[in-house]
Each structure stands twice: as C-alpha cells, then as structure tokens.
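A short write-up of the structure that comes next.
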Amino acid sequence: QTVVTQEPSFSVSPGGTVTLTCGLTSGSVSTTYCPSWYQQTPGQPPRTLIYSTSTRSSGVPDRFSGSILGNKAALTITGAQAEDESDYYCVLYMGRGIWVFGGGTKLTVL
Amino acid sequence: QVQLVESGGGVVQTGRSLRLSCAASGFIFSNYAFHWVRQAPGKGLEWVAFISNDGNNKYYAESVKGRFTISRDNSKNTLFLEMDSLRPEDTAVYYCARRALPSPTQYMDVWGKGTTVTVSS
C-alpha cells in the first residue's frame, strides 16, 4: 500500500524560508495527484492553504506557495511568521475515489 | 454563510454502532460531494469516506470498508456516517469536508468543526 510521506517536524526562524515536502513511498508525486495542503492548529479544524498543486485558497497570504520539486509536492513559506507555527498536511488524490493524507509536519517558528 | 456542523459523536462500547450527521447551510448542498475525515488523539488526519453529489458513488478507506457507510439526504442538506462494529482505533474527531467545485478539483474547501467519537473497550 502506497504511503504519503511528510517530514515529521521542521523548524524555521522568523522571517526565514522553509519548504515542506509530500512524497510517495512508491513513485513520484505529479500534478495528476492534485496535491493540496492544509494548516491545522491545536483544537481547530484544518484550513485549506493550497490546492491543485500551486493555487492559493482565498485569503491565504502570498508567503505560502505550492509546487512540485523533483518527485514531491512542496509547500514553501517565504518569510515565516510566528502565527505560521502549526501542523501542515498534504493530501493526494490516488484515483478511483481514494484520497490519502500525509502524516503531517509540525512546524516550529523560533 | 457557508457552514458545516457535525453532530452525533459520543462514547460507545466496542462493537456497537453510531451515526454521525453533518448539517450544511449557506450553499446548494446537492451540487457538492463530501468527505468524512478523522483525526485520532494526537495523530494526523485520515481520509475516511467520500460520496458524490447525487449519492451514487461512494468510496471508503480500507480501515473502515465494510463497517462504515456514508450517505446523504439532499432534501435535508445533511450528510451521514453510519459506523458499525466500532473498534477502539476508531476513536477520533470526525470532520465532514466539502469537495470544492468545479469538478474535477480534488480538494476540500470547507470543513466542519468536528464531532468526537470515543470507543471504549
């Protein structure tokens, strides 16, 4: 069974740039998988950040961007702010009506 | 305003059943497909099930296939998740989420606040 992989944790300094990735244990992530990204803070539901690989959801600051880097989907935060400290999840559409979330990345801003 | 409100969570014993509901408002419910997504305590998000806008297509994660049933009532703007043969590992916050339009976009654009299910052994 294919697993969607994410870095368990990442740290970035305020104002810095960080790239979180979303890969597959078997194969490469492409736009065909329609990668999307969600931000979640404790006790809150997820918030949609990026969809269709690189489109920002309404109201999402432009410091968040999505792309394909090599064989993975990527979420880049340019100029990280304290309020970006959250858990970040990617989800891939595997086809045949199946979606799979990555395990999530806990981002620390310090 | 666009809103999804889950209900029906609670504490239930292993092997019993529970039915979750998700009431939608602020948009044309019958135009949209929906997901159920869950999150076990301290864990990540897990996709559970999907239903098309007309209810004719339903898909499930392997972990719940044969035990959970997703359904909808377009006349009542409500999504359901019938959970049978519950196990302790089904303990989680259950979110309903709307699949965005236009098709075939494959992301979730609106989320409810979730309802908590606890399965006790």
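Readers should treat all values here as calculations from the given coordinates under stated rules, not as data from a laboratory. Since the structure is predicted, the reported quantities are computational estimates derived from the model, not experimental observations. As a convention, Cβ positions derive from the backbone with ideal geometry for all residues, glycine included, and neighbour counts pool all protein chains shown.
Sort by residue number and report every cysteine in chain A with no other cysteine beta carbon within a distance under 4.7 Å.
Unpaired cysteines in chain A: A:C34.
Kirkwood-based Rg over Rh for chain A (C-alpha set), two decimals?
On the way: Rg = 13.1 Å, Rh = 13.8 Å.
Using only Cα positions, Rg/Rh for chain A is 0.95.
Ranked by Cβ crowding within 10 angstrom, fewest neighbours first, how are B:E6, A:E85, B:E62 ordered?
Numbers: B:E6 23, A:E85 16, B:E62 8.
Least crowded to most crowded, the residues run B:E62, A:E85, B:E6.
Over all residues in A:31-43, what is the mean tally of Cβ atoms on other chains that come within 10 Å of each residue's Cβ?
Averaged over the peptide's residues, the number is 2.
Counting only Cα, what are the radius of gyration and maximum Cα-Cα distance Dmax of the stretch A:67-110, in Å?
13.0, 41
Give me the compactness ratio for the stretch B:1-46, meaning the Cα radius of gyration over 2.2 N^0.38 Å.
Ratio of Cα Rg to 2.2 N^0.38 Å: 1.44.
Just list whichever of A:K72/A:K106; A:K72/B:K58; A:K106/B:K113; B:K43/B:K76; A:K106/B:K58 have alpha carbons separated by over 24 Å in the model shown.
Numbers: A:K72/A:K106 18 Å; A:K72/B:K58 28 Å; A:K106/B:K113 20 Å; B:K43/B:K76 33 Å; A:K106/B:K58 32 Å.
The pairs that break the limit, which is 24 Å between Cα atoms, are A:K72/B:K58; B:K43/B:K76; A:K106/B:K58.
Exposure proxy check: A:L69, B:L4 ranked by fewest other beta carbons within 10 Å?
A:L69, B:L4
Send over the Kirkwood Rh of the stretch B:25-78, from the inverse of the averaged 1/r over different Cα pairs, rounded to one decimal Å.
This gives a value of 12.2 Å.
Largest first and in whole Å, what are the equivalent-ellipsoid semi-axes of chain B based on the Cα gyration tensor, each being the root of 5 times an eigenvalue?
So the three semi-axes of chain B are 23, 14, 13 Å.
Compute the Kirkwood hydrodynamic radius of the protein assembly as shown, taking the inverse of the mean of 1/r over all pairs of distinct Cα atoms, and give it in Å to one decimal.
With all distinct Cα pairs of the protein assembly as shown included, I get 18.0 Å.
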